[in-house]
1. One residue is enough: does the range 108-115 have a residue meeting the conditions within 27 Å of residue 17 (Cβ to Cβ) and more than 13 Å from the chain's Cα centre (by Cα)?
2. Among 112, 104, which is the only one that is charged (D, E, K, R), at pLDDT 95 or above, out of contact with any Ser or Thr (no Cβ under 7 Å at 6 or more places or on another chain) and closer than 11 Å to residue 3 by Cα?
3. Using the structure shown, decide if residue 67 is in contact with a helix residue (DSSP H, G or I) (Cβ under 7 Å, 6 or more places away or on another chain) and within 25 Å of residue 81 (Cα to Cα).
4. Which residue is nearest to residue 83 (Cα to Cα), if the candidates are limited to the range 100-139 and must be part of a helix (DSSP H, G or I) and in contact with a helix residue (DSSP H, G or I) (Cβ under 6 Å, 6 or more places away or on another chain)?
5. Exactly one condition in (1) modelled with pLDDT of 95 or more; (2) within 21 Å of residue 132 (Cβ to Cβ) is false for residue 53; which is it?
6. Going residue by residue through the range 16-35, is there one that turns out to be without any contact (Cβ under 8 Å) to a residue 40 or more places away in the chain, at negative phi and basic (Lys, Arg)?
7. Please enumerate the residues belonging to the range 8-37 that are in contact with a Lys or Arg (Cβ under 6 Å, 6 or more places away or on another chain) and closer than 25 Å to residue 81 by Cβ.
Amino acid sequence: MRIVADVNVLISGLLWLGPSHTILQLAEEQKLSLCLSPSISDELCQVLDRQKFLKRIRMCGSSSEELIAGLYKFTILFPDKDIPNVVKDDPDDNKIISCAIACDAQYIVTGDPHLLNVKRYGTITIVTPRKFLTILYHP
């Protein structure tokens, strides 16, 4: 199963325990395929370097570079494609849908209300981390 996780899910999974962390563990264990694009990766790097995350990153005994390098070990990178204008309220979120199309993902996992309001795009279902785990473990 291929999924695309929004940056908020990636950061939550890298820095805290909970559903997002479980999803990253499943990807690391190759129980699902986590897909990224260069634009998602760029946003992740920018957000992880924000002051508000630096203390938490240090508490994890790591650096943002180490966290990202670790994440890249178990993700599949797909090139950025033309971005459909699906998320009207926050066009920047369209890159998540674009990546999901490029990698033929079944799910987008996000906490972003703009993406969650879309609910579905073609064959791609958009859900929260908790809902994704419920679907995965109780189909």
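1. Within the range 108-115, one or more residues are within 27 Å of residue 17 (Cβ to Cβ) and more than 13 Å from the chain's Cα centre (by Cα).
2. 104
3. No.
4. At the first step, the residues of the range 100-139 found to be part of a helix (DSSP H, G or I) are 100-103, 113-118, 129-137.
Filter once more, so that each one left must be in contact with a helix residue (DSSP H, G or I) (Cβ under 6 Å, 6 or more places away or on another chain): 114-115, 129-130, 133.
Working: 114: 16, 115: 14, 129: 24, 130: 27, 133: 27 Å.
So, considering only residues that are part of a helix (DSSP H, G or I) and in contact with a helix residue (DSSP H, G or I) (Cβ under 6 Å, 6 or more places away or on another chain), the one nearest to residue 83 (Cα to Cα) is 115.
5. (2)
6. For the range 16-35, residues without any contact (Cβ under 8 Å) to a residue 40 or more places away in the chain, at negative phi and basic (Lys, Arg): present.
7. Step one: of the range 8-37, the residues in contact with a Lys or Arg (Cβ under 6 Å, 6 or more places away or on another chain) are 15, 19, 33, 35.
Matches in the range 8-37: 33, 35.
The values are calculated or read from the model by the stated rules, or taken from the named source; none is laboratory data. Fair warning: this is a prediction, and the values are worked out from it, not measured in the lab. Using ideal geometry, Cβ is built from the backbone for each residue, glycine included, and neighbour counts are taken over all protein chains shown.
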